[in-house]
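The values are calculated or read from the model by the stated rules, or taken from the named source; none is laboratory data. As the structure is a computational prediction, the values presented were derived from the model and not from experiment. Here Cβ is always computed from backbone atoms with ideal geometry, including for glycine, and neighbour counts include all displayed protein chains. Side chains included, ligands, DNA and RNA excluded: accessible areas come from the protein's heavy atoms. Shrake-Rupley method; radii C 1.70, N 1.55, O 1.52, S 1.80 Å.
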Amino acid sequence: MTTTTLITVAPTGAESSKADVPALPVTLDELVTTGKECQAVGASVIHVHLRDDDARPTLDLGRLKEAVAALRAETDLIVQLSSGGAVTDPESDRLRVLDAGPDMASCTMGTVNFGDDVFLNRWSFIVELHTRMRDQGIVPEYEIFDLGQLTALRRLLDKHGLPAGGHVHLDLVMGVPGGMPATAEALVACVQAMRDLPSSTTFSATGIGRGTLPVLLASLSAGGHLRVGMEDTVTYAKGAPVESNAQLVARASAFARLAQRPPMTPSDARALLGIRA
Ligand code: KMH
Ligand code: ZN
């Protein structure tokens, strides 16, 4: 178990609309301001989805490059681009995200029902993403929406080798309608299944919606790291909308300190994840 906690902020996502969630950061300025605020209260990684001028999800390469450059200029955060995009994004656009040259990108380990939609991740697409990331020196965060996807990750590593940087880091995304539940029991089952992965494997966990706090507490107690943000949670407490991403990061940092595993600095997070300075 590490003595500190890596905190990732996922500030925007592709699912909530600005009209429904006015505090959602959707412009580049809002994203960079959010990044700075979140770093100040304990985040070391930012998981980025972009929006267009109408606040709709976009994988436009020019905008992605601009966002990577701006976040690098204004923050020390590790920049992780989403290769998941929105459920409607084609595979070609999702692969092209890597050409924006982020430090990290997400790599989802299987197809999952996503409410009424399907988040499609064919095996050959996963292999292509993993291989391109290694060729381009981009460190993956493997996104796990269900228990069997950990077995798929083991198969991927067995057949296609370790990722760029040599370290395996994954994120348990818990509570998506169609995936595993956001419970301590499910998290423990995943931790047990991780025994088949390299022994240095690290994980963070994300609970969607009201699963945020149970998953946060379970992850800390199981030696895991944390992902929080308005991509996954727009309600702070019953009847209280989230005011800002920094509010969620500050709460995660406070819990991490109580657990005597305070937030990790971005430079320690780079060392842990095998990301070049
Ligand atoms: N928006 C979801 C369909 C990722 O960023 O890699 C996919 C997602 C996962 O958010
Ligand atoms: Zn995402």
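Okay, residues lined up against (1) of a type in the set (Val, Ile, Thr); (2) part of a helix (DSSP H, G or I):
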position	(1), (2)
VAL118	yes, no
LEU172	no, no
ALA182	no, no
LEU187	no, yes
SER200	no, no
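Counting the residues of the stretch 72-96 that are in contact with a Pro (Cβ under 9 Å, 6 or more places away or on another chain), over 18 Å from PRO140 (Cα atoms) and either acidic (Asp, Glu) or not in a loop (DSSP other than H, G, I, E, B) (or both) gives 2.
From the list GLY13, GLY35, GLY42, pick out the single residue that is within 16 Å of ligand 1 (Cβ to nearest atom) and among the small types (Gly, Ala, Ser). Talk me through it step by step, then tell me what you get.
On the way: GLY35 fails: within 16 Å of ligand 1 (Cβ to nearest atom); GLY42 fails: within 16 Å of ligand 1 (Cβ to nearest atom).
Going through GLY13, GLY35, GLY42 in turn, the sole match is GLY13.
Among residues of the stretch 103-130 that are farther than 10 Å from SER83 by Cβ and within 16 Å of ligand 2 (Cβ to nearest atom), those with a beta-carbon under 6 Å from a residue that is open to solvent by less than 60 Å² (accessible area, probe 1.4 Å) and assigned to a helix (DSSP H, G or I) at least six positions away or on a different chain give the pairs MET109/GLN149; MET109/ALA152; MET109/LEU153; GLY110/GLN149; GLY110/ALA152. Hey, does the stretch 216-232 have a residue that's open to solvent by 50 Å² or more (accessible area, probe 1.4 Å) and farther than 23 Å from THR3 by Cβ? No, because not a single residue in the stretch 216-232 is open to solvent by 50 Å² or more (accessible area, probe 1.4 Å) and farther than 23 Å from THR3 by Cβ.
ASP146 meets the conditions (1) of a type in the set (Asp, Glu); (2) within 26 Å of ARG276 (Cα to Cα); (3) within 19 Å of the chain's Cα centre (by Cα) in every case but one. The failed one is (2).
Looking across PRO22, PRO11, one residue alone is surrounded by fewer than 23 Cβ atoms within 10 Å (Cβ to Cβ) and either over 27 Å from ASN113 (Cα atoms) or of a type outside the set (Asp, Glu) (or both). It is PRO22. The single condition among (1) surrounded by fewer than 18 Cβ atoms within 10 Å (Cβ to Cβ); (2) over 20 Å from ALA40 (Cα atoms) that ALA254 does not meet is (2).
Restricted to the stretch 111-131, and to residues there that are within 11 Å of HIS160 (Cβ to Cβ) and not hydrophobic (A, V, I, L, M, F, W, C), the residue that is most open to solvent (accessible area, probe 1.4 Å) is GLU128.
In the set (1) within 16 Å of ligand 1 (Cβ to nearest atom); (2) more than 25 Å from THR108 (Cα to Cα); (3) assigned to a helix (DSSP H, G or I), VAL68 fails one condition alone, (2).
Can you find a residue in the stretch 187-195 that is open to solvent by 50 Å² or more (accessible area, probe 1.4 Å) and under 20 Å from ASN121 (Cβ atoms)? Give the steps one after another, and end with the answer.
Residues of the stretch 187-195 open to solvent by 50 Å² or more (accessible area, probe 1.4 Å): 188, 192, 195.
From what is left, the residues that are under 20 Å from ASN121 (Cβ atoms) are none.
Within the stretch 187-195 (the criterion being open to solvent by 50 Å² or more (accessible area, probe 1.4 Å) and under 20 Å from ASN121 (Cβ atoms)), the answer is no, since none of the residues qualifies.
I'd like the residue in the stretch 37-59 that is charged (D, E, K, R) and crowded, with 16+ Cβ neighbours inside 10 Å and, out of all such residues, is farthest from ARG96 (Cα to Cα).
Residues of the stretch 37-59 charged (D, E, K, R): 37, 51-54, 56.
Keeping just the survivors that are crowded, with 16+ Cβ neighbours inside 10 Å gives 37, 51.
Details: GLU37: 29, ARG51: 16 Å.
Of everything passing the filter in the stretch 37-59, GLU37 is farthest from ARG96 (Cα to Cα).
Of the residues making up the stretch 240-277, those that are out of contact with any strand residue (DSSP E or B) (no Cβ under 9 Å at 6 or more places or on another chain) and at pLDDT 95 or above are ALA240, SER244, ALA250, ALA254, LEU258, GLN260, THR265, SER267, ASP268, ALA271. For beta carbons closer than 8 Å, sequence separation of 6+ or different chains, a first residue in the stretch 41-64 that is over 14 Å from LEU81 (Cβ atoms) and within 12 Å of ligand 2 (Cβ to nearest atom) and a second that is open to solvent by less than 40 Å² (accessible area, probe 1.4 Å) and part of a loop (DSSP other than H, G, I, E, B), there are no qualifying pairs. Among all positions in the stretch 198-209, there is at least one residue which is closer than 23 Å to ARG251 by Cβ and surrounded by fewer than 16 Cβ atoms within 10 Å (Cβ to Cβ).
Pairs are defined by a Cβ separation below 7 Å, a sequence spacing of at least 6 or placement on different chains, a first member in the stretch 90-102 that is of a type in the set (Gly, Ala, Ser), and a second member that is crowded, with 16+ Cβ neighbours inside 10 Å; the pairs so defined are ALA100/LEU64; ALA100/VAL68; ALA100/LEU81; GLY101/VAL68.
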